[in-house]
1. Is segment E:354-371 home to any residue that is in a helix (DSSP H, G or I), touching a residue at least 60 places away in the same chain (Cβ under 8 Å) and farther than 22 Å from residue E:244 by Cα?
2. When the residues of segment C:189-206 are filtered to those that are within 13 Å of chain D (Cβ to nearest Cβ) and free of Cβ contacts under 8 Å to residues at least 24 places away in the same chain, which remaining residue is surrounded by the fewest Cβ atoms within 10 Å (Cβ to Cβ)?
3. Pairs please, first residue from segment B:372-397 and within 9 Å of chain E (Cβ to nearest Cβ), second anywhere and of a type in the set (Gly, Ala, Ser) and not in a helix (DSSP H, G or I), Cβ atoms under 8 Å, 6+ apart in sequence or on different chains.
4. With the condition being more than 26 Å from the chain's Cα centre (by Cα), I'd like the helices (runs of 4 or more DSSP H) fully within segment E:1-111 carrying at least 2 qualifying residues.
5. I need a count of the residues in segment E:422-446 that are in contact (Cβ under 8 Å) with a residue 12 or more places away in the chain and part of a helix (DSSP H, G or I).
6. Filter segment B:173-195 down to the residues that are in contact (Cβ under 8 Å) with a residue 40 or more places away in the chain, in contact with a Ser or Thr (Cβ under 7 Å, 6 or more places away or on another chain) and more than 8 Å from chain A (Cβ to nearest Cβ) and list them by number.
7. If you go through segment C:154-162 one residue at a time, do you hit one that is among the polar types (S, T, N, Q), surrounded by fewer than 22 Cβ atoms within 10 Å (Cβ to Cβ) and within 11 Å of chain D (Cβ to nearest Cβ)?
Amino acid sequence: MITGVSIYELLTVTSILFFIGVYGFMTRKNLISILISIELILNASVINFVVINKYLYPDMLQGVIFSLFIIAVAAAETALAVSIIINLYRQISSVEVKDTEIMKY
Amino acid sequence: MNFSNFLLMRHEILLLAIILILLIGEIFIRVEKKSSIIHLAIFLFGIHTVIGFFTIEERSLFGGMFRTNTMIHFFKNVLNIGVLILLLQSADWLKAKIFSENKGSEFFILLFSSLLGMYFMMSSGDFLMFYLGLELSTLPVAALAAFETAKRISSEAGIKLILSAALASGVSLFGISMLYATSGSIYFDSITELITSSNLTLLGMVLFFAGLAFKISLVPFHFWTADVYEGAPISIASYLSVISKGAAVFILMILLFTVLKPLMHVWDNMVYVIAIATMFMGNLFALRQQNMKRFLAFSSIAQAGFILLGLITGSQLGTATIVYFVMIYIFSNLAAFGVVQAISLQTGKEKMNDYEGLYRTNPNLSLIMMLALFSLAGIPPLAGFFGKFFLFTAAASKGYYLLVFLAVVNVTISLYYYLLVVRAMFLRKSENPIPYFKNTLYMRLGLIIAFVGILVIGLYSPLYDYIYQLSSVFN
Amino acid sequence: MNIALNITKTIQDWLVSFMPESVSSIAAMVLVALMYLVIFAVAGLYLVLLERRVAAWFQLRIGPNRVGPLGLFQTMADALKLVSKELTGTVKADKFLYNLAPYFVIISSLMALAIFPFTQGFQAFDINIGIFFLIAISSIGVIGILLGGWSSNNKFALIGAMRSGVQTISYELSIGLSLLTMVLLTGTLQLSQIVEIQKNGWLIVQGHIPALIAFMIYMIAGTAETNRAPFDMVEAESELGAGFHTEYSGMKFAYFFLAEFINMFIIAAIATTIFFGAWLSPFGITQSIPWLGVFWFLGKTLILVFLMMWFRWTFPRLRVDQLLTLEWKYLLPINLVNIVVMAIIVWLNITINL
Amino acid sequence: MGSEAIIVFFIAGVVLVAGANFLSNLISHKSDNLQKREPYESGMVTKGPTWVQFKVGYYLFAILFLIFDVEVAFLVPWAVVFKDVGFVALIEVVIFLLILGLGLLYAWKKGALKWE
Amino acid sequence: MDILSLFVAVPVITILALVFSKGLKQARLIAMVGSFVQLGMAINLVFAYFKERVVNNDIMVFTKDLVWFKQFNIHYSIGVDGISVALLVLTSIVVLAGVFISWKMKDLPKEFFVSLIVLSTGVYGFFISIDLFTMFVFYEIAVIPMYLLIGIWGSGPKEYSAMKLTLMLMGASAVLLIGILGIYFNSNADGGPLTFNILEIAQVNIPVEAQKLFFPLTFIGFAVIGALFPFHTWSPDGHASAPTAVSMLHAGVLMKLGGYGVFRVAMFLLPEGTLHWSWFFIILSAIGVIYGAFAAIKQTDLKYINAYSSVSHLGMVLFALLMLNKTAWNGAILQSLSHGFMTALFFALIGMIYQRTNTRDITKLGGLLKVIPFISVIYVIAGLASLGLPGFSGFVAEMNIFVGAFQHDDMFYRVATIISVSAIVVTAVYVLRVVGIMLMGPVKNNDFLELPKATWFEKTGILLLLIPIVWIGVAPLWLSDMILASLEPFIKGVL
C-alpha cells in the first residue's frame, strides 16, 4: 500500500492503461505493436489484481498470486506470438497487418 | 494431504502422463521410426478414453480450486471421444505431411496440452484455475494453427488466433479483477454468495464474458474464426470448432448458471441480443462461402448462436439441452470436417465446386457429409434435430417465442447453404470429379464413429435422460 | 554504538532534531542518494585501479604508479579526461535510444547497490523481497546494453549487443537458481534477515556441499553476467572492436565502463551477503563493534572481486557456442539437481548449524 | 525509507547520468567533421543496412530463458515457504522440475541449444 | 410388433434392404415387394379397423404409447381413426403405383427408391402419430427427400425448384415449430403435466389468448404444404420439375399432410383460435381455389396445369375444413382422397406421355388418342373425375363440400361458397381444353405416330390408381361412414 495514494487513483491509472491497450489493439498497423498493446492490457489487469488485493482484502493473497500467474502466462503468450510473427516474417518479409490479409470477406 | 485425492484428477493426470510419454518418445525414438508415434498416441489416448468412463466421486480439491462432479466428468468423456475421432481422422494427414518434417509428436503434445487445459478449465473452482485452463487450452492451438510453417496462410491463422485470443483473455482478466474487487474472492463458491448487482460487478461480468465469447466465437468476437479455420490445418480447424468451442460453452454455462446466477436479469438480455446477432451473422456470411473450411467456420458461428438459446434459460433444462446439443454438434461437425479432411488430403481440393459429382465417385463419403450437414441443419431423424428442438423448447419454456422464431428462421437459412453442398455433391455432375479413393483404416474408423453418433444419439433417449439427471448438480 | 535497523531512519532522526518533519524526510533521501552516488563513483574508480594493478601484478608489471602516491589518482585523472572529451555519435544512430541506453545501465546498478547491508543498519532500504529484487533489477542492465548496441546502427555494436543479450539472459538463470538454492536454507528473501540467520554460521557452511556447488555456479555465472573475461565475447576486442559500446565516446563510454565494474562489485557483494555472512565476522569475533562490519563486508567482497580478476587473467576467452553449452548443458541441469538436493537436505534437516 | 527509495535511487541515477553529460558538454572541446560521424567499423565504409533479420538462434535462447525465468518466478515463493510445508512441497517441486527438465532435454534433442 | 408400427418398420426394412442391393433390377424388385407388403398391411388395417370399431369406441384405436424423452414428456404415441386409415390406404396405393411408374428408372435407381421409401416412411409416420413431436419429426422426414428426388432425377430448372420447395416447406415447419411449442407450453393450463399428446391436449382448455396467437402459426405451418394461396408458389415449380413418381407422391400424398395437419392439430387443439381466425383463412383458401383454377387455364405445360389444379383442389380442402360443419368436413376428407388418386393418376399419365413424346407442351401435342389409346382414354377419365362428374370420386367430394358449406346462413360464408363453386366451371374449362388440344384432332408431329403402347407395369400403376377413383365414386358410403364416425370427436371439440 502506498501512503497518500488511494485506490481510486490507482484504478484510474489501470483503467487508462487498459483502454490504451484496447485502443492500440484496434488502431495499430504493426503486429508487434499490437502485441505490445495486449501486454498493456494484461499489465493493467496485473496491477488491478495487486492493488485490489493490497487495498481491499489485505488478509488474503489471492490477487497477488493471480498476478504472478498472469505474468507467467503473458510471457508464454508473447513467446508464442513472436515465434509465429517471425515465421510469418520469413515468408512475407513484413509484420504489417495489411500484409496479412490474403484471406478476406 | 491425502494423496488419494489425486485419483479424482484421473483425467488430468493420465493425460499429463501421456503427454510426458510422448515427449520422452519424441526425444528418444529415432527419426526413421518417428511415425510409430501416431499409433502410440492413438493407442494411449484410446486407453485414456476408456479409463475415463469409470465413475468418479464428487469432490473439490486444493481448497476449492479444482472440483469434479459427474456432469464435468461426463463432459470430459465427451470431449475425449471427440478428440479420439479427431486423432483418427488426422492420422493420415500427420503421416503424409507432418511427420516428414519431423514434428508429428509435437502435434500430439500440443493438442493434448490444449485438451488438458480444457479439463482444468471445466473443473476449475476459482478464477485462477479457470484462467490458467483457458490459456493452456488456447495457446497450444495457436501454435498448431501455425503448424504448417511453410504455408503462409497457416502462419496468418496462427497470428490472428493468438492475437485475438490474447486480447480476449486480457479483457476477460480485467473483468475478473473487477469481480474480485466487488466480491473479495476468486473462488466461485464465495463469489456466488458475495456477489451483488453493483455497476462494477456488471461491468466486470460483461468484460469477463468477452473472453469466453471469443472462444465460442460469438458475434462481436467472431472475426478470427473464418480466417483461422481457413488457414489452419483442417484438424485444427475441426478441433477449434468442436472441442474448444464445446469446452468453452460448458464452462460459460457453469459460470453463468452458478456464479453469475444473481445477475441473470442482466445477462439474459445480453445473451438474447448476442444470440440473434450471432445466428444471423454466421448464417448470412455462410451463404456466400466457397471454401469448405470457411463455410464450416461460419456455420459453426451460427451453431454457437443456437447454443445461446439454451444458455438464456438459466435452468436445469438449459444445462441438459446445451450439453446434449454440444455433444451432437461435436459428432456432426467432426463428421463434416472428417470428410473435408479426407478429400483435402487425397486431392488437395477444398472448394465447394470441387465437390461436384462427388456422390458418383465416392458415395460413402458424400453420404456421410450429407448426413452430417443435415444433422447440423437439424433434419430428423438425425441427432441434430433433437438437439435443436430441445434447445428451442428450452428457450420457449421461458417464453422467448420471438427468439425461437428467429432461430428457426435461421435454421431455414442454414438449410439453404447446407443444401448447396448437398447440391454440389449429389445434384451436379462434373467433368472433372474427385476420383474414387479408398480411405485408410484410421480415417474410416473416425468417420464411422462420428457417423454412428449422428444416427444414434438423437434416437436413443436414455442418453438425454442421463444428461438431464447429471445436470441437476449445477442448479 | 546503537544504530537503528536502517540508515535512512538514523539520518532522518538526526535531521528531525533541527528541521520540520516533511522537509527532513526529503532531505534525508537526498542525503542518502548523494552518499550512494559517492560510494558508486569511488567504488567504480578504485575498482578500475584495482583491476589494473592486479593485472600488472599477474603479468609481473608494476601498473599505474605515476599519478598521486602509488598511482592512486590515476583513475581520477582518467575520469576527468573522459569528462572533458567530446560526446560524439554517428549520424545513423537512433538518437533517442542511443542516449537512453546509459541510463538503464547506470540506474540498474545503482539500485542494486542500494539494498546491500554494508553493516548492521547501513542499508539504504531493506526490501522484503531483497533477492528477488536483485535478480529483477540486474536484468534491466541488459536492456541498456541491447539498446546501446542496436541504436548505434553499427554492425560490431549490434553483434556485441546480441551476444551480450544471449549471454546475460542465459547466465541469469544460473544466478537466479543458485541464489534460490540458498533461499531454501533461509526461508526469507529479505537481506537483513538472511544476515540474521547467518549468525548460526555462514550459509556456505550451513548448506555445505550443495551450497558449495551453488557458490561455484554463482561465481561462474556472475562473471559471465558482467561480461568479463573469459566470457567477454561482448567486447571481444579482436573481433568486434569494442562491442556494443563501439560508438560511444567520452562520458557515455564511461558509464558503461563504470557500470561494468560496479556490476562486478555487486556480484561479489551478493555472493558475500548470501554465502559469506555479509558483514558478520568469522565466529563473531568483532560482534561488539558493529562498525567493523563494513570492514568485513568490503573485505570479503574485495576478495571475491579479486577472484573474478584472477579469472580474467587465467582463462582464455570462450567461443559463443562453448559459452552457451557451458550454461545450458552443464550449469543449468546441475543447478536444477542441486536445488532438489538442497531441498532434501533442508527437509531432512542435515544442515550444519554452529 | 520504504519503497520510495526505489524512486529516489532512480532519480539519483538519472541525475548522475544527465549531470555528467551536461558537465561534459560544458567543458569538452568540440570539433566537427563528417567522417567523425560515420559508424566505426574498423575503418571500413559501412555496407548495407545494419538492422536486418538476425540469426534465429538468439530468439530460441530468449524463449528458453523465458521458460526458465518464469520458472524461477514460481520457485521463489516455493523456496521461501519450503521449510514450513515440507515433504509435499518437495514432491511437487520434483514433479515441476522433472517436467521442466524434460522440456530442456527436448530442446536439447531438437537442437535448440546448438549454436551454428 | 403392433399393426401400426409396422407402417414405419416395413419401409425402414425396405430401405435397409435397398441399401445393400445392387443394380436396377434388384432395387425395383425390393421396392415393389416392400410397397406391396405395405398395401397389404393397409388393406388389412381397413378390415381390422372395422372389426376394432365394433368393440372400441375411443377416438383412436390401435393406440400404443412408449415413453421416448421423459423430461419433455415426449412419447412415441400412435393410433388411427377413420381419417388416418383412409389416408394410409391412399398412401400405400400411390407409393406402389409410383414404384411401378418408375420401373425403368435409369440414373441411380437404388438411391431413387431409397429416397422414395424414406418419403413414404415420413408420410406413414405422420398419419399414425398422435404425438405432436413425433408428428413433426415425420413431417420433416417426409419433406427432405424431396430435395434429392427433384434435384437429382427431376427435369427443367430442377435445382431451383428443389431448393425453393425445400426451403418453403422448411420455413413453414419453422412457423409450425413455434406453434407446436406454444401448444406444448400451454398444455398444462388445467394443471396437468406438459404434454405433446394430441388427445390429452384436446382435453385441456388452452387459454384463449394463446389460442389466438398460436392458431395462425400452426395453421400456416401446415397449410403451406397444402398449398395455401400466398404460399403455394413452391408447388407448381416443384411438380413441374419432379420426376413422375415424385410428382405423384407429392401431389397425391405429401400435400395431404397439410390438410390433415390443419385438421388434426390446428383446428382440433385450438378451437377458439379457429373461430377467431377462420374468416381470414377462408378468404385465402377461396382465393386459392379460384386462382389455381384460372392459372391452370393459362398454362400450356401439362404438369403446370395439373399443379395449379392441385392448388385449386387443395384450396377446396382447406376451405371445406374451415367451414366448420360435418358435411363439409366429410367432403374435405373425401376430396383429399379423391384428389390424391386423381392427381397421382394425372401425373403418372403425364409422365408416360412425356416419356414418349419428350414434351409436355400441349400446343405441340395432338391426336394422341389415335396413337396411344390406352393412356389417352385413362387421361380423359381422370379429367372427368377431376371436374366432378358423377360416378367418380370428385363428384362425391365436391358435392359434400358445397352442400356443407352452403348450410351456413351467414352472408360471408355463402358468398365465399359461391365463389368457390364457380371454380368447378373453370376446372371443366381447363380439363376439356387439354383433352381437346392434346388428345383430339390431327397428330401434329409425325414422330408421334410410332409411339410405343403402354407396358404392363404402366398399366398396373394406372389401374391401381383408377380403381379407387371409380370405387369411391360409385360406392362412397362405406368410406363416408368411416370418416363421419371419426369426425365425432372433432364435432364435440371444435363446434
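1. yes
2. The extreme case among them is C:193.
3. So the pair list comes out as B:385/B:378; B:389/B:378; B:397/B:315.
4. Fully inside segment E:1-111 and qualifying: E:6-19, E:23-55.
5. Let us first name the residues in segment E:422-446 that are in contact (Cβ under 8 Å) with a residue 12 or more places away in the chain, namely E:422-424, E:426-435, E:437-445.
Next cut, part of a helix (DSSP H, G or I) only: E:422-424, E:426-435, E:437-439.
Number satisfying all stated conditions: 16.
6. B:179, B:188, B:191, B:192, B:195
7. Taking segment C:154-162 first, the residues among the polar types (S, T, N, Q) are C:154.
Filter once more, so that each one left must be surrounded by fewer than 22 Cβ atoms within 10 Å (Cβ to Cβ): none.
No; the residues of segment C:154-162 include none that is among the polar types (S, T, N, Q), surrounded by fewer than 22 Cβ atoms within 10 Å (Cβ to Cβ) and within 11 Å of chain D (Cβ to nearest Cβ).
Listed here are the residues, each with its yes/no results for (1) under 29 Å from residue B:470 (Cβ atoms); (2) without any contact (Cβ under 8 Å) to a residue 12 or more places away in the chain; (3) surrounded by 24 or more Cβ atoms within 10 Å (Cβ to Cβ).
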{"position": "B:206", "(1), (2), (3)": "no, no, no"}
{"position": "B:223", "(1), (2), (3)": "no, no, no"}
{"position": "B:283", "(1), (2), (3)": "no, no, yes"}
{"position": "B:306", "(1), (2), (3)": "yes, no, yes"}
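The values are calculated or read from the model by the stated rules, or taken from the named source; none is laboratory data. Quick caveat, the model's predicted, so the values are computed rather than measured. Cβ atoms come from the backbone with ideal geometry, glycine included; neighbour counts cover every protein chain shown.
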